[in-house]
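Every number here is computed from the coordinates shown, using simple stated rules; none is lab data. Because the structure is predicted, anything quoted here is derived from the model rather than measured. Note that we place each Cβ from the backbone using ideal geometry, even for glycine, and neighbour counts take in every protein chain shown.
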Amino acid sequence: MSIPAPPPTDANERVQRYLDTRGLTARALALTSDASDRRYYRIFTTDEKPFVLAVHATGFDYSKLPFVNVADLLTSMPVPIPRIIDHVEELGILALEDLGDVTLQAHLGVSSPTQHAALYRQAVGLIATLQRRGAELASPTYLPYGIAFDIEKFTWELDFFVKHFVEGYRGAQLSDGDREALREEFRPIIHELAGETRVLCHRDYHSRNLMLHEGLLYVIDFQDARMGPDTYDLVSLLRDSYVDLPEVVVDELIAFFLAVKSAAGSISLADEAAFRERFDLMALQRNLKALGTFGYQAGARQNPVYIQYIPRTIRYVRQNLTKYDRFDRLRELLAPHISELR
């Protein structure tokens, strides 16, 4: 079924059209958007709980929308996600359960160390559930099982980093030889990561995509889920560009993840050292990719919001480049253009 794009009206007008078609007298409050082209509004009515409208750039076929497909999968596990309440295809609008405004990132600023530890253990436990139940529910019915972090995807992400961060944001003038030298260093990283056994990954599992609602963490922004390394979501959470976690906390949470996986029989605790090396390799790739995204947002999208997260992300990159001798040449190639790596 082909759904036409909505008329050339802005998101505010489409929200009002939605309210009119549903016969609602309500107040709409625009919420802070993410890095996508979706817009979000909290809808306040006089006789119902608030709900959220996700306004897509164009109309959609609800039955083919990745968000809906992945939501069905996560609900089957179950993993806590916002309920889909309503939709209007031609307006490009999904109505969702309102989870409030408290992300894991925001809550950490006001939580005690005990609460902090409990929330992160809960978040790590959800990753283990995604991987375990993701394997049990594997089916071509669900979109994530047909896409993966493969050689092509990892290569594209690192090329994106070079183009939008090294050249775009930092203004480096790279020769063809420089680019090929970087690709030569990236190649073994890409092949190792793409060659790992794949599990279900959220793909963007960090503190801004985990909402605290009625004492539980809920997962959002899951529509790009795909198959990938078992370290991917854990890296997203523990090497988060938006949050500083003490190294002792990172170590404890990695040990907790391995204990949960070991209890399920999917990993051996004897593999902890090898797992940590795989974790660091995944962190290096993902943090470079994040720098590419931040550079793209600042340059191509003229969105300065993410600039504040660049220093922390570079610190993660430097930590892994200096930890392993195998990355000496990569650091040597990047340091002239990213002075923090020297």
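Counted by neighbouring Cβ atoms within 10 Å, the residues 142, 169 run from fewest to most as 142, 169.
Segment 114-190 and segment 206-262 have Cα centres spaced 14 Å apart. Hull volume per residue, based on the alpha-carbon atoms of the chain and their convex hull, is 154 Å³. Overall, the chain carries a charge dipole of about 300 debye about its Cα centre when +1 sits on the Cβ of Lys and Arg and -1 on the Cβ of Asp and Glu, all other atoms neutral. Taking 0.36 nm per residue of separation and subtracting the current Cα-Cα distance, fully stretching the chain between residue 101 and residue 244 would add 49.4 nm. Considering segment 11-97 at the alpha-carbon level, its Rg and Dmax are found to be 13.0, 37 Å.
Counting lysine pairs in the chain whose alpha carbons fall under 20 angstrom apart, excluding pairs fewer than 8 residues apart on the same chain, gives 4. Set the Cα radius of gyration of segment 222-317 against 2.2 N^0.38 Å, with N its number of residues, and you get 1.21.
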